[in-house]
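J.: Let me begin by handing over the structure; questions about it come next.
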Amino acid sequence: MAAVMPSGSSASQARQVQSVQRRVWLKPLVFGLCLLPLFRLIAFGFELGGSLGANPIEFITRSTGTWTLVMLCITLSITPARRLFGWNGLLQYRRMLGLFAFFYCCLHLTTWVWFDQWFSLQDMIKDVIKRPFITAGFVGFLLMVPLALTSNRYSIRRMGKRWMSLHKLIYLVAIAGILHYWWHKAGKNALQEPMIYAAIIATLLGIRVVYWWLGKRRSSANRLAQSSRSRTT
């Protein structure tokens, strides 16, 4: 008796079911992994051995700032990974990762507002104006606010194409983050880590520029082909 081969529609439905099943446990897993840096800070804070070091405020500030940049880099890597390797499933995590970048940025800012400035608005304004790395960091945070507020399905449906245009601000956020880190470390003559992050961001943005340029060339070639066909008919 011949084996019954599954139809194309059945195979497609099976793949969709498997995709949904993977999503059920993968999203909570990614969510939990993104919270690990926070749990680490909390654990260090409660540990009696003084794991936060001699200057706990500096440790918290550095850690939250680093993880803001890490989350930004991971978020920006989704599109290049999708285009280069066809990993389209990563798109479902992009908004969540972007929101975690904003979350750690808020913790980073809160550390500065609370422990460094003690909620003094006057001192904060002076600091933003006086120190360029604070200015860059504050600008980056302000640019992230509309991105975080619109990272939901309602805003995507409501804004349409404008949503994509708005969320290109993440490129400026990444540049502001690098400038914030670079200028901060420049005063201490310790640029090794900022240079690594700058290289990663430059690569991720450069890949987008290459694909944009190739798309423009392809569009121009298509227009020329259509124009030549219309002249010959």
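J.: Which ³J(HN,Hα) values in Hz, rounded to whole numbers, follow from the phi angles of the range 194-210 under the Karplus curve 6.51 cos²θ - 1.76 cosθ + 1.60, where θ = phi - 60° and Gly and Pro get x?
T.: Each residue of the range 194-210 in turn: x, 5, 5, 5, 4, 5, 5, 4, 4, 5, 5, 6, x, 4, 5, 5, 4 Hz.
J.: What is the local net charge at K188, summed over the other residues whose Cβ is closer than 15 Å to its Cβ (Lys, Arg +1; Asp, Glu -1)? Walk me through the numbers before you get to the answer.
T.: Numbers: positive: R62, R131, K185; negative: E58, E193.
Here the charged neighbours net out to +1.
J.: Taking θ = phi - 60°, what integer Hz values does the Karplus form 6.51 cos²θ - 1.76 cosθ + 1.60 yield along the range 139-146, in sequence order, with x for Gly and Pro?
T.: So the J values, rounded to whole Hz, are 5, x, 5, 4, 5, 6, 4, x.
J.: Below 12 angstrom from the Cβ of N88, what's the summed charge of the other residues (Lys, Arg +1; Asp, Glu -1)?
T.: Numbers: positive: R82, R83, R94; negative: none.
Around N88, the charge tally is +3.
J.: For R131, what residues show an amide H to amide H distance below 5 Å, using hydrogens built from the backbone and excluding near sequence neighbours?
T.: Under 5 Å from the amide H of R131 lies no amide H from a residue far enough along the sequence or on another chain.
J.: Compare D127, D116 by solvent-accessible area with a 1.4 Å probe and give them largest first, with all protein chains kept in place. Before the final figure, lay out each step's value.
T.: Values: D127 20, D116 80 Å².
Descending accessible area places them as D116, D127.
The values are calculated or read from the model by the stated rules, or taken from the named source; none is laboratory data. Predicted, not measured: the structure shown is a model, and the values here were computed from it. As a convention, Cβ positions derive from the backbone with ideal geometry for all residues, glycine included, and neighbour counts pool all protein chains shown. Just so you know, the surface numbers come from the protein's heavy atoms only, side chains and all, with ligands and any DNA or RNA stripped out. Shrake-Rupley method; radii C 1.70, N 1.55, O 1.52, S 1.80 Å.
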